[in-house]
1. Would a scan of the range 321-328 turn up a residue that is more than 12 Å from the ligand (Cβ to nearest atom), of a type in the set (A, V, I, L, M), touching a strand residue (DSSP E or B) at 6+ places or on another chain (Cβ under 8 Å) and at pLDDT 95 or above?
2. Is it the case that the range 41-55 has a residue that's surrounded by 15 or more Cβ atoms within 10 Å (Cβ to Cβ) and in a loop (DSSP other than H, G, I, E, B)?
3. Is there any pair linking a residue in the range 36-49 that is without any contact (Cβ under 8 Å) to a residue 12 or more places away in the chain to one that is of a type in the set (Gly, Ala, Ser), with Cβ under 7 Å and at least six apart or on different chains, and which?
4. Residues to consider are PRO123, PRO135; find the one that is modelled with pLDDT of 95 or more, in a loop (DSSP other than H, G, I, E, B) and farther than 24 Å from GLU285 by Cβ.
5. Tally up the residues in the range 254-299 that are open to solvent by 10 Å² or more (accessible area, probe 1.4 Å), in contact with a Phe, Trp or Tyr (Cβ under 7 Å, 6 or more places away or on another chain) and within 16 Å of the ligand (Cβ to nearest atom), please.
6. If the requirement is being modelled with pLDDT of 95 or more, open to solvent by 70 Å² or more (accessible area, probe 1.4 Å) and under 23 Å from ALA236 (Cβ atoms), which of these qualifies: ARG406, ARG436?
7. Filter the range 189-213 for residues that are open to solvent by less than 10 Å² (accessible area, probe 1.4 Å) and among the aromatic types (Phe, Trp, Tyr) and give the result.
8. For the range 88-97, state whether one or more residues are in contact (Cβ under 8 Å) with a residue 24 or more places away in the chain, among the hydrophobic types (A, V, I, L, M, F, W, C) and assigned to a strand (DSSP E or B).
Amino acid sequence: MPIHERLENVYAEVLARNPGEVEFHQAVREVLESISPAVGKHPQYADAKIISRICEPERQIIFRVPWEDDNGEIHINRGFRMEFNSALGPYKGGLRFHPSVYLGIVKFLGFEQIFKNALTGLPIGGGKGGSDFDPKGKSDREIMRFCQSFMTELQRHIGEYTDVPAGDIGVGSREIGYLFGQYKRITNRYESGVLTGKGLIYGGAQVRTEATGYGTAYFVNEMLAARGEDFAGKTAVVSGSGNVAIYAIEKTHQLGGRVVACSDSTGYIVDEKGIDLELLKDIKEVRRERLSSYAETVSNARYVEGAQVWDVPCDVAMPSATQNEITGKEAERLIRNGCTVVAEGANMPTTPEAVQLFQDAGVAFGPGKAANAGGVATSALEMQQNASRDSWTFEYSEDRLEEIMRGIHTRCRETAEEYGMPGNYVAGANIAAYTRVADAMLSLGLI
Ligand code: NDP
């Protein structure tokens, strides 16, 4: 889809101002293309330069993170926090610890987060952060020292009414614990609402761990229902075997589907009987081992090293590892193998070329900002519980999550129809989210 002529200069400005940040360019381009049909209907947004303002982060924080390893050697990493847009509420979005992290990745994630958070209907703005620190192979004490050093600077910039980070790749409940401990120690405040994804014993919320994966599976369930189908008898493939992947598998099984393959950064496993989730959790969450251990334990399973999981035929695909893992080649393979529904558990795992191929082939495609919004939505519920010093049951929290995912699906579908693109979840998600943020920005004056 071409970019509307009134938005072309916005994209040119983003390229000029953010050289070399290709992931950010990709994310902006997708949004500009899909909100183009809304330009004529809302000239007031263009007059107020709303989209140009959205593309420029409100605040960008880059800092040094020095830490010492177990041998006494000093290392220096770089920390980031992108406070992108706070029109709807405090900045909200995760922290990613991975060697690939640089400004362009954090900006793309922060930009996406604005729209994702708006889609939930909850009062949260968009932000993201992280570091190029590689947690792999580090001891527990090294992870703790790194988190403490990271928070020593980050604490100046965050707060329950300002900016509320959470986890992402490489940042799970262990890291959130160390980060929260250091925040509490430096500020002398037990400010539970400053971080989400906390452990249940110190202010965490039920279902937060499961939320992104569960939410993605709920979203697929709605996409299937919109086609007059359900999960029963369907096979699914999930990439990754981290937080999102594991719980996407769990909920898919509960909803009647069968996940036959998943992956990690070394390869993938296929288990036609359906992935044994207890074993997978033990390998990845407890023992923190490679996925090859699965095939060593389950006789009918096979492990394929160094290849993409998208070779495995399936009805439903849920990419839940990292960005740009489904290119045109993988999309063609999935289509050829009969896949009819794709929903992004990860952020931007599908390239624009692959999205186009899916849409042309009539494959229902749910973008991450809709399909994986269950995580941040449940983080907002954690903030609500912290603010009222309350804690809800698992069942109640899960009902809220399911209701939110259904709401997001309806919002995407109805908006796509309203703008003459029925079934186009990308356009529906972007336009619905954009108009919500734009209306809030118009109300707040020139900020
Ligand atoms: P985890 O770190 O828990 O898991 C990531 C998984 O993806 C691991 O299995 C990892 O393999 C694999 N992986 C990471 N990088 C690569 C790569 N370059 N190539 C192949 N495999 C890779 O992260 P999460 O599950 O939390 O996040 C996954 C995705 O979901 C990310 O895009 C994240 O932004 C997105 N997301 C996460 C949310 C959350 O609540 N956690 C919320 C919304 C989106 P290995 O085990 O070998 O490292």
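1. Keep residues of the range 321-328 that are more than 12 Å from the ligand (Cβ to nearest atom), which gives 327-328.
Pick out the ones that are also of a type in the set (A, V, I, L, M) and you get none.
No, because not a single residue in the range 321-328 is more than 12 Å from the ligand (Cβ to nearest atom), of a type in the set (A, V, I, L, M), touching a strand residue (DSSP E or B) at 6+ places or on another chain (Cβ under 8 Å) and at pLDDT 95 or above.
2. Going residue by residue through the range 41-55, those that are surrounded by 15 or more Cβ atoms within 10 Å (Cβ to Cβ) are 42, 45-46, 48, 50-51, 53-55.
With the extra rule that they be in a loop (DSSP other than H, G, I, E, B), the set shrinks to 42, 48.
So far as the range 41-55 goes, yes, one or more of its residues are surrounded by 15 or more Cβ atoms within 10 Å (Cβ to Cβ) and in a loop (DSSP other than H, G, I, E, B).
3. Qualifying pairs under 7 Å: none.
4. After applying the criteria, what remains is PRO123.
5. So the answer is 3.
6. Values: ARG436 fails: under 23 Å from ALA236 (Cβ atoms).
Going through ARG406, ARG436 in turn, the sole match is ARG406.
7. Scanning the range 189-213 gives no hits.
8. Applying the first criterion (in contact (Cβ under 8 Å) with a residue 24 or more places away in the chain) to the range 88-97 yields 88-97.
After this cut, where a residue has to be among the hydrophobic types (A, V, I, L, M, F, W, C) as well, the list is 88, 95, 97.
Going one step further and asking which of them are assigned to a strand (DSSP E or B), we end up with 95, 97.
The answer is yes, given that some residue of the range 88-97 is in contact (Cβ under 8 Å) with a residue 24 or more places away in the chain, among the hydrophobic types (A, V, I, L, M, F, W, C) and assigned to a strand (DSSP E or B).
The values are calculated or read from the model by the stated rules, or taken from the named source; none is laboratory data. What you are looking at is a predicted structure, and each value in this text was computed from that prediction instead of being measured. Here the Cβ is made from the backbone with ideal geometry for all residues, glycine too, and neighbour counts use every protein chain on show. Just so you know, the surface numbers come from the protein's heavy atoms only, side chains and all, with ligands and any DNA or RNA stripped out. Shrake-Rupley method; radii C 1.70, N 1.55, O 1.52, S 1.80 Å.
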